[in-house]
Structure formats: C-alpha cells, structure tokens
Amino acid sequence: MKILVTGGLGFIGSHTVVELAKENNEIIILDNLYNSKIEVLDKLEKITGKKFKFYKYDLLNKEDVEKVFEENEIDSVIHFAGYKAVGESVEKPLMYYSNNLMSTLNLLNIMKKYNVKKFIFSSSATVYGNKETGICIETMGRGETSNPYGTTKSMIEKILEDLYASDNTWNITILRYFNPVGAHESGLIGEEPNGIPNNLMPYIMKVASGKLEVLSIFGDDYPTPDGTGIRDYIHVVDLAKGHVKALENMKQGLNYYNLGSGKGISVLEMVKTFEKVNNVKVNYKIVERRAGDLAECYADPSKALRELNWKTEKSLEDICRDAWNFEKNN
Ligand code: NAD
Ligand code: UFG
C-alpha cells in the first residue's frame, strides 16, 4: 500500500513510519519541519533499513501538496501534521486555527480531487471535554473544549462527519489519543519539545537530567486516591501500532476509536515509577492546580480491541525506561 504520512517526522508520525515500514508498505513522508528535524529521516532509515520518499512541504501550500498526489499513486493518508501546544494555542489562536484547519482542508480537497478516500486523523481525548466521570467512551460524543488547540480537533472531527455525510464512499478513521509518552527502544527517536516542556513526561526528564531544577505538580487536592491528576499514558510505539491496525482493519464509513491503555495513572505514581525504574531522583513540589486541568481522564479502549484487534502491550515501566534512554542518548 502507498501511504502518505503528513507530519511523519514528528513524535508520533516518526514512530508510526517505523511500524508501517515493517508491513512492507510504501511510505511517503510530508513535513514542513516546523516542529521536527530532518535528522529524524536518517534515524528512521537506520532503524528500518529502508529509504523513504520525503517532501519538505507545507500543507498550507496547495500547489506543493498537489504535486505529491500527482507524482505518487497514493492509496491512503495518515494525517498527523498540525500544531499541538495547548498553552500556545490560547495565546495564538489564529495561528492554531489557520494551520490546523487550513492544512486539513487543503489536504482533503486534494484527496477528493485525486479520488483518494482513505483517511486516518489524529484526534485527541481532549474532544471529550469536561465530564462528570474520568472514563471516556466513544459513544459519549464530544464535549466543550477548553482551548483553541482542542477546538481545532473537535472542528476537524465535525468537518470529517460532514464530508462523509456528503459522500459515503470515504473511509475515515478518527483516532482519539490519550497521553502519548515514551520513545523508540533504539533511543534514536522520541519527543523533543522546544523550550521548557508543558507536558508531564518531558518535564520529568528535564528534572531527572538536571536541566531543570524541580517539577511542579499541579495540585494534590483532586478527588483521586493520592490527590494528583490521573491520565491514561500510552507508549508511543503502542500508539504507532494502533495506526497500522487501523489501516489494516479500515471499514467503510466513518469510525472513531480511543487509543489508550484504559488504566489511569496519577502524577505521583508516574514520578515514583520513573525514579524506581531508572534509579534517578526527580525533585518535585506541589503547587496550585493548573487552569483547565481535569481530575481524571482515561480511555475505555474496548472498541479498538473489538474492531481493530489492538490493545496496548507496553507497561508504565517500559514507558519510563524508554523515555529516559532517549533523553540520555540525546
Ligand atoms: P509533532 O509536533 O511532533 O508532529 C507534528 C508534525 O507536523 C511536525 O513534525 C511538524 O513539523 C509538522 N507540521 C505541522 N504543521 C505542518 C504543516 N502545515 N505542513 C506540514 N507539516 C506540518 O506532534 P505529535 O506529538 O507527533 O502529534 C501528531 C498529531 O497527533 C498532531 O495532530 C497532534 O495534535 C495529535 N495529538 C498529539 C498528542 C500528544 O500529546 N503528542 C495527543 C493527542 C493528539
Ligand atoms: N502535570 C504536572 N506538572 C507538569 C505537567 C503536567 O503536574 O509540569 C500534570 C497535569 O496537571 C496532569 C498530568 O500531569 O494531571 C498530565 O499533564 P500533561 O500536560 O502531560 O497532559 P494533559 O493530559 O494535560 O494533556 C495532554 C496533551 C493534550 C491532549 C491530552 C489528551 O497536552 O494536547 O493530553 O490527549 F489533548
């Protein structure tokens, strides 16, 4: 199969390319390198022993994107490209709406023109919004999002629904990721956020390696067993494999799947496990809650198991070990 992977040099895209390459697929990567480095391409070739066609193109440039479809007989598209920083999206909403929405619309319009109608979209647990319970089930529908980034995900889901309603020959899979963490076991690829990280795992790594002094834990007064926030952390390699399964088991229609472990982990559990597995110290202090945070959020991943034959295989220990291995290597 010939698969176009947008954002394929980014964190989740690069791990997915590795897994797709194992299945003898022909992979075409498009990325504007806004949040990734060209060296990742060499690393992908090193890990897989394969070469990939790469286009340093921006999805906002329609002519360029069209060239990719003109030059390749693409069967399906996995669309990772987009901006993803929640805090930044609050400060620069127009930048987020412009990039995430317009790049997706350009891509879909060109796919339609070239009659490529298999599409996998990177959505997020954030579309469930603020709920009474921590568990997220696909049947719950979307809730109120709390930031422009999350709203772009919700809006794109809606655009895809309207597109499918207008033409049911599309096969659209919407994957709602929970918290992707960890890194490839080779230590060659992983998450490399610019500047001071916002997310828990990259922050823990910066503190463990002495690059930052102390981790602020945002609140220990949530109604959870130890008072800290609970999330569903998923190893990025498990997540990548979820895309391979989604492609293999793509059904006609528009389908949503949670990709998570189904297990809630608290901030303190994460810190303690990281310290134990890697034999390092993570200094932390408890501070005020972070605005917009939920107490608890985890997946019901049973639909993905039932319909895609996918579930997570890696443990929290694997996550902590592989993340630290990547940090030390880089
Ligand atoms: P990432 O930033 O590492 O990768 C995204 C890639 O897209 C980058 O390499 C960037 O250079 C590229 N890109 C951005 N805009 C582009 C454009 N206009 N044209 C071409 N390339 C462009 O992010 P990631 O963590 O790998 O996330 C991938 C997708 O999954 C994103 O859509 C993100 O919103 C979604 N997602 C991520 C998380 C998470 O916590 N990492 C959670 C849920 C959903
Ligand atoms: N946390 C801290 N200190 C930190 C960073 C995070 O205590 O320095 C806590 C948070 O309060 C939360 C947990 O760690 O309880 C996880 O926080 P992250 O920022 O790592 O992740 P979120 O669950 O807030 O959000 C992430 C992505 C969103 C995505 C969502 C669901 O940032 O884009 O997962 O996929 F939508």
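The values are calculated or read from the model by the stated rules, or taken from the named source; none is laboratory data. Source: prediction; values computed, not measured. Positions of Cβ are backbone-derived with ideal geometry, glycine not excepted, and every protein chain shown enters the neighbour counts. Calculation scope for accessible area: heavy atoms of the full protein, side chains included, ligands and nucleic acids excluded. Shrake-Rupley method; radii C 1.70, N 1.55, O 1.52, S 1.80 Å.
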How many residues of segment 225-236 are open to solvent by 20 Å² or more (accessible area, probe 1.4 Å) and either more than 23 Å from Lys314 (Cβ to Cβ) or more than 9 Å from ligand 2 (Cβ to nearest atom) (or both)? The answer is 2
Residue pairs within 9 Å by beta carbon, gap of at least six or interchain, first lying in segment 275-293 and polar (S, T, N, Q), second part of a loop (DSSP other than H, G, I, E, B) and open to solvent by less than 100 Å² (accessible area, probe 1.4 Å), listed first then second, are Asn283/Val214
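Say we look at segment 134-156 and pick out the residues that are open to solvent by less than 70 Å² (accessible area, probe 1.4 Å) and without any contact (Cβ under 8 Å) to a residue 60 or more places away in the chain; which of these is farthest from ligand 2 (Cβ to nearest atom)?
Gly141
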Contact list, first residue from segment 1-29 and within 14 Å of Asp75 (Cα to Cα) and among the aliphatic types (A, V, I, L, M), second anywhere and open to solvent by less than 10 Å² (accessible area, probe 1.4 Å) and within 16 Å of ligand 2 (Cβ to nearest atom), beta-carbon distance below 6 Å, six or more apart or interchain, is Val5/Gly13
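Let's see how each residue does on (1) within 14 Å of the chain's Cα centre (by Cα); (2) aliphatic (A, V, I, L, M):
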| position | (1), (2) |
| --- | --- |
| Asn130 | no, no |
| Ser146 | no, no |
| Thr169 | no, no |
| Ile174 | yes, yes |
| Tyr177 | yes, no |
| Ala183 | yes, yes |
Of the listed residues (Leu20, Leu108, Leu41), the one being more than 19 Å from the chain's Cα centre (by Cα) and either within 16 Å of ligand 2 (Cβ to nearest atom) or not in a loop (DSSP other than H, G, I, E, B) (or both) is Leu108
With the first residue restricted to segment 303-330 and required to be open to solvent by 60 Å² or more (accessible area, probe 1.4 Å), and the second required to be basic (Lys, Arg), Cβ contacts under 7 Å at 6 or more apart or on different chains are Leu305/Lys311; Asn309/Lys245
So, first residue under 15 Å from Lys153 (Cα atoms) in segment 77-92, second residue more than 11 Å from ligand 1 (Cβ to nearest atom) and assigned to a loop (DSSP other than H, G, I, E, B), Cβ within less than 7 Å, six or more apart or across chains; the pairs are Val86/Asn147; Ser89/Asn147; Val90/Asn147
Within segment 157-191, of all residues that are open to solvent by 20 Å² or more (accessible area, probe 1.4 Å) and assigned to a loop (DSSP other than H, G, I, E, B), the one nearest to ligand 1 (Cβ to nearest atom) is Glu191
Residues of segment 84-97 being over 16 Å from Gly7 (Cβ atoms), open to solvent by less than 50 Å² (accessible area, probe 1.4 Å) and either more than 16 Å from ligand 2 (Cβ to nearest atom) or of a type in the set (Ser, Thr, Tyr) (or both), in sequence order, are Ser89
- Output yes when any residue across segment 197-206 is over 20 Å from the mean Cα position of the chain (by Cα) and surrounded by fewer than 21 Cβ atoms within 10 Å (Cβ to Cβ), and no when none is. yes
Only one of (1) among the polar types (S, T, N, Q); (2) more than 30 Å from Asn109 (Cα to Cα); (3) in contact with a helix residue (DSSP H, G or I) (Cβ under 7 Å, 6 or more places away or on another chain); (4) more than 10 Å from ligand 2 (Cβ to nearest atom) does not apply to Asn194, and that is (3)
When you scan segment 72-87, do you find a residue that is at pLDDT below 95, assigned to a helix (DSSP H, G or I) and more than 24 Å from Tyr114 (Cβ to Cβ), even just one? yes
The lone condition Met95 fails out of (1) within 11 Å of ligand 1 (Cβ to nearest atom); (2) in contact with a strand residue (DSSP E or B) (Cβ under 6 Å, 6 or more places away or on another chain) is (2)
Here the residues within segment 106-125 that are open to solvent by less than 70 Å² (accessible area, probe 1.4 Å) and of a type outside the set (Phe, Trp, Tyr) are Asn106, Leu107, Leu108, Ile110, Met111, Val116, Lys117, Ile120, Ser122, Ser123, Ser124, Ala125
So, first residue closer than 22 Å to Leu101 by Cβ in segment 51-76, second residue assigned to a helix (DSSP H, G or I) and open to solvent by 50 Å² or more (accessible area, probe 1.4 Å), Cβ within less than 7 Å, six or more apart or across chains; the pairs are Leu60/Met102
